[in-house]
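Just so it is clear, none of the values below were taken in a lab; they were calculated from the coordinates. This is a predicted model, so every value here is computed, not measured. Backbone-built Cβ (ideal geometry, glycine too); neighbour counts: all protein chains shown.
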Amino acid sequence: MQIGDFRLRFSPLLTLGALALLALFLLLGNWQLERAQEKRALLQHLRQQSRQPVRDLPSTLEDPQQWRYRRVRVSGYFDGAHQFLLDNQVSRGRVGLQVITPLRMEHAQQAVLIDRGWVPLGPDRRHAPDIQATGQRVELTGTVYVPYKNPYHLGGLDEGQSDWPRMIQYLDFHAIPQRLGYPVLPLTIRLDPGTPHGYRREWPDIPFTPERHLGYAIQWFALAAVLVVIYLALNIRRVRRGGEGP
């Protein structure tokens with residue numbers, strides 16, 4: 001195909017490869033735009049939930065996801081002898097652990113996991129930091145966090161560890177009750193910053209902001225544009241005077 005002084009030559013193999021990559025880049029860009037919209041809706045839901053009055057957390061939940069990001073009140077007794085340390089947690093650029101302590105709820109068989117905040121990792125991973133939990137009755141307020149999906153992981157929950165506090169790589173609401181020997185609600189309560197019995201508490205609202213997804217979308221669309229430019233540069237030839245170009 002010739003346009004003015006330029007001829008566009010189509011290489012079937014090169015064209016098919018370019019079209020496949022172009023479709024992939026555009027698909028990924030649109031997917032990131034959709035993810036950005038989902039995160040906007042999620043942030044709006046979070047703000048709506050945070051404006052709701054604090055409610056007492058029931059011991060049985062038909063749909064835990066309806067409680068996501070709700071501020072709740074719960075009372076009971078810490079199981080200080082059986083605490084978990086969630087590994088590979090970063091705060092202010094430093095690696096540490098999240099302290100997860102079961103709370104035996106009053107007048108209920110179920111317990112709930114209280115995320116008490118972040119502590120720094122010591123010089124020796126084999127020695128857990130000194131974490132304390134009062135044996136007295138406590139009344140706590142915090143925000144419910146329900147995971148959106150099962151975490152990706154390699155290996156077991158605690159790699160066969162038998163001592164306490166137990167270092168874990170992820171939260172598994174099927175395995176944790178087996179370790180504890182009593183039922184646990186499938187959620188955590190992120191302890192309010194102003195509530196005692198906690199450590200450093202600086203949780204992000206969501207892992208990826210809408211702006212981050214938009215940035216990824218721009219990158220994919222930019223790659224698509226670069227691909228088109230490269231394809232045209234490889235396939236357009238200038239027609240020589242008195243004959244065609246090579």
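Overview of results
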read-out	value
In Hz, Karplus ³J(HN,Hα) per residue of the range 185-196 (6.51, -1.76, 1.60; θ = phi - 60°; x = Gly, Pro)	5, x, 6, 10, 10, 7, 4, 4, x, x, 8, x
Derived scalar couplings ³J(HN,Hα) [the range 104-109; Karplus, 6.51 cos²θ - 1.76 cosθ + 1.60; whole Hz; x for Gly, Pro]	6, 5, 5, 6, 8, 7
Equivalent ellipsoid, the range 56-153 (semi-axes from 5 times Cα gyration tensor eigenvalues, Å)	25, 18, 11
Nearest-ten-degree value, helix 12-50 long axis tilted from longest Cα axis of the chain	30
222 nm mean residue ellipticity, helices alone, for the chain (DSSP H n ≥ 4; -39,500 (n - 2.57); rounded to 500)	-10000 deg cm²/dmol
Average Cα contact separation per residue, the range 31-134, under 8 Å, 6 or more apart, as relative contact order %	20
For the range 83-96, 3J(HN,Hα) per residue [Karplus equation, 6.51 cos²θ - 1.76 cosθ + 1.60, θ = phi - 60°, Hz, x = Gly/Pro]	10, 10, 10, 7, 7, 6, 10, 9, 9, 6, x, 10, 7, x
Cβ crowding within 10 Å averaged over residues, with 46-52, 223-229, 171-177 ranked highest first	171-177, 223-229, 46-52
Packing rank of 53-64, 136-147, where each peptide gets the mean count of other beta carbons within 10 Å, highest leading	136-147, 53-64
Calculated P(r) over Cα pairs in 5 Å bins from 0, in percent (choose from (i) 1, 6, 13, 16, 17, 15, 12, 9, 6, 3, 1, 0; (ii) 1, 5, 10, 13, 13, 12, 9, 7, 6, 5, 4, 4, 3, 3, 2, 2, 1, 0, 0, 0; (iii) 1, 6, 14, 18, 20, 17, 13, 7, 3, 1, 0), label	(ii)
Cut-off 15 Å between beta-carbons: net charge of the residues surrounding Q219, Lys and Arg +1, Asp and Glu -1	+1
In degrees, nearest ten, helix 210-235 long axis to first principal axis of the chain (Cα)	20
Mean Cα-pair separation over length for the chain, i.e. relative contact order, pairs under 8 Å, 6 or more apart, %	29
